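Read the figures in this text as sums done on the coordinates, not as results from a lab. This is a predicted model, so every value here is computed, not measured. In this analysis, Cβ positions are derived from the backbone assuming ideal geometry, glycine residues included, and neighbour counts consider all displayed protein chains.
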Amino acid sequence: MRSSLKLKALSAMLLLGAGFLLAGCKSAPPLTKAEAQTLIQAKYDQAPPSHLTIVVNDLGMRQGAAAGYWKRTLIFPNRYWANFELTPEGQKLVTLQGGGKEIKWRPMNPTDSHFTVTLTTTAANRLKVLSISNIAPETLAGASKAMGVDYVEGVSFKGLPAPLVQIGQNPGNQLSTQRHADFALVNGAWKLQSIE
């Protein structure tokens, strides 16, 4: 009778110990694409907004003139050099990289498609997370469980007029960048650790 009680008590302790062990080894929640995107976007939304840099090529110069953002003030004898001046409407939307309001258009020849000028928008926007991919386990110093994700960071044209958005989408403009983010499991929840 006594050994039967001892056996039952030992069995109960083993079951209780196994339960505690299993509870302690509870698997980590998966890091989903939606959760990763939300955490990264929250980081961007907390950062100060930034101004967009727009590279203007020959097509962009024509689009900007048609939209009334700048007007030609001088054409040189070679017929392909010109000076343009930002209009009051243009000055509300963009600034020139070198300051002032005069654009000096100086391509190498009439068919030079590589000459550009750089503008900066006066409106500032926050970057956007466009897509998440390659969620994979990683090793991070000080983290018991870590995951890494690749994603595309994109510029935002929010609040800009359509002609300026078209100019900003012309060839030569960088609209997105490939990035990598690291996450660590902290107290059962995923936290963004770093962005590369």
Number of the exception - M61 against (1) part of a loop (DSSP other than H, G, I, E, B); (2) over 30 Å from F183 (Cα atoms): (1)
Within segment 137-185, residues surrounded by 13 or more Cβ atoms within 10 Å (Cβ to Cβ), more than 20 Å from the chain's Cα centre (by Cα) and closer than 17 Å to S27 by Cα come out as E138, A143, K145, A146, A184, L185
Does K43 meet the test of being outside any loop (DSSP other than H, G, I, E, B) and touching a residue at least 24 places away in the same chain (Cβ under 8 Å)? yes
Residues that are under 17 Å from G60 (Cβ atoms) and in contact (Cβ under 8 Å) with a residue 12 or more places away in the chain: list the strands (runs of 3 or more DSSP E) wholly contained in segment 81-166 that include at least 1 such residues. 82-86, 94-96, 102-105, 117-125
Look through segment 115-134, keep the residues that are surrounded by 19 or more Cβ atoms within 10 Å (Cβ to Cβ) and under 12 Å from A181 (Cβ atoms), and return whichever of them is nearest to the chain's Cα centre (by Cα). V129
